[in-house]
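> One structure is given below, represented as structure tokens, and several questions about it will come after.
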Amino acid sequence: MDRVTGLGGFFFKCADSHSQIAWYRKHLGIPINADYGGWNFEWKNAEDGKEKGMTVFSLFPDTTDYFGPSPQRFMFNFRVKDMDALLAALAAEGVKIDPKREDAPYGRFAWIYDPEGNKIELWEPPEGSRG
């Protein structure tokens, strides 16, 4: 079974997201979309050049609770192929799994925690999507 197949996104909290967005635009040339505070880095699959994907880089306000009830400043989003099989395997291995699930037009989401309590997002893009 495939587990993580790639990095789906990298998210972090900012005290002043507007200033951070301006900094990343000016100094690194990342055209962050201010409406949602992120940018999608698009790429093609190395094994199948017709298959497209993206990795999201996104800034969140300090006040977000999206990362969970923890002081963590960053959260990784990992791409997975079979969410249900992976979650079953992780549960059998004793990994802490958040009971919340989210199904959206752009994929399925679940969350797990590493041994230090850092929340990690798992994302299964829809079949055939560029997610």
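> So, in Å, what gap is there between the alpha-carbon centers of segment 42-57 and segment 69-131?
For segment 42-57 versus segment 69-131, the Cα centre distance is 20 Å.
> Could you list the GluC sites (Glu not before Pro) in segment 92-131 that lie in coil according to DSSP, counting only those with at most 14 other Cβ atoms within 10 Å of their Cβ?
Numbers: sites: Glu93, Glu102, Glu116, Glu121, Glu127; in loops: Glu93, Glu116, Glu127.
Of the GluC sites (Glu not before Pro), the ones in loops of segment 92-131 whose Cβ has at most 14 other Cβ atoms within 10 Å are Glu93, Glu116, Glu127.
> Can you work out the Karplus-derived ³J(HN,Hα) for every residue in segment 52-65? Use 6.51 cos²θ - 1.76 cosθ + 1.60 with θ = phi - 60°, whole Hz, and x for glycine or proline.
Couplings: 9, x, 8, 10, 8, 10, 9, 9, 10, x, 3, 7, 5, 10 Hz.
> Local charge sum around Asp103 (other residues, Cβ-Cβ under 13 Å, Lys/Arg +1, Asp/Glu -1)?
Details: positive: Lys100, Arg101, Arg108; negative: Asp84, Glu102, Glu124.
Once positives and negatives cancel, what remains is 0.
> Given 0.36 nm per residue, what is the gain on full extension from Thr5 to Tyr36 after removing their alpha carbon distance, in nm?
On the way: separation 31, 0.36 × 31 = 11.16 nm, distance 2.49 nm.
Taking Thr5 through Tyr36 to full extension adds about 8.7 nm, to one decimal.
> Still on this structure: Through the Karplus equation 6.51 cos²θ - 1.76 cosθ + 1.60, θ set to phi - 60°, convert the phi angles of segment 94-102 into ³J(HN,Hα) values in whole Hz; use x for Gly and Pro.
Couplings: x, 6, 6, 10, 5, x, 5, 9, 9 Hz.
> For segment 9-131, go through all pairs of different Cα atoms, get the mean of 1/r, take its inverse, and jot down that Kirkwood value in Å.
Values: mean 1/r = 0.0632 Å⁻¹.
Kirkwood hydrodynamic radius for segment 9-131: 15.8 Å.
> Using the Cβ atoms and a cut-off under 13 Å, what net charge is assigned to the surroundings of Lys13, where Lys and Arg are +1 and Asp and Glu are -1? Kindly include the intermediate steps, with their values, before the conclusion.
Details: positive: Arg73, Lys119; negative: Asp16, Asp62, Asp65.
Around Lys13, the surrounding residues sum to -1.
> Excluding residues on the same chain fewer than 8 positions from Lys13, give the aspartates and glutamates whose Cα lies under 20 Å from its Cα.
Qualifying aspartates and glutamates at Cα under 20 Å: Asp35, Asp62, Asp65, Asp114, Glu116, Glu121.
> A follow-up question, please. Could you list Lys100, Lys119 so that the one with the fewest beta carbons within 10 Å of its beta carbon is first and the one with the most is last?
On the way: Lys100 9, Lys119 19.
The fewest-first ordering by Cβ neighbours comes to Lys100, Lys119.
> Count charges around Ala89 for me, please; just the other residues with Cβ under 12 Å from its Cβ, Lys/Arg as +1, Asp/Glu as -1. Don't skip to the end; give the middle numbers.
Working: positive: Arg3; negative: Asp2, Asp82, Asp84, Glu93.
My count for the surroundings of Ala89 gives -3.
FYI, it's all coordinate maths here, none of it is from the lab. Owing to the predicted nature of the structure, the values given are computational and were not obtained by experimental measurement. Neighbour counts are summed over all protein chains in view; Cβ atoms, including those assigned to glycine, are modelled from backbone coordinates with ideal geometry.
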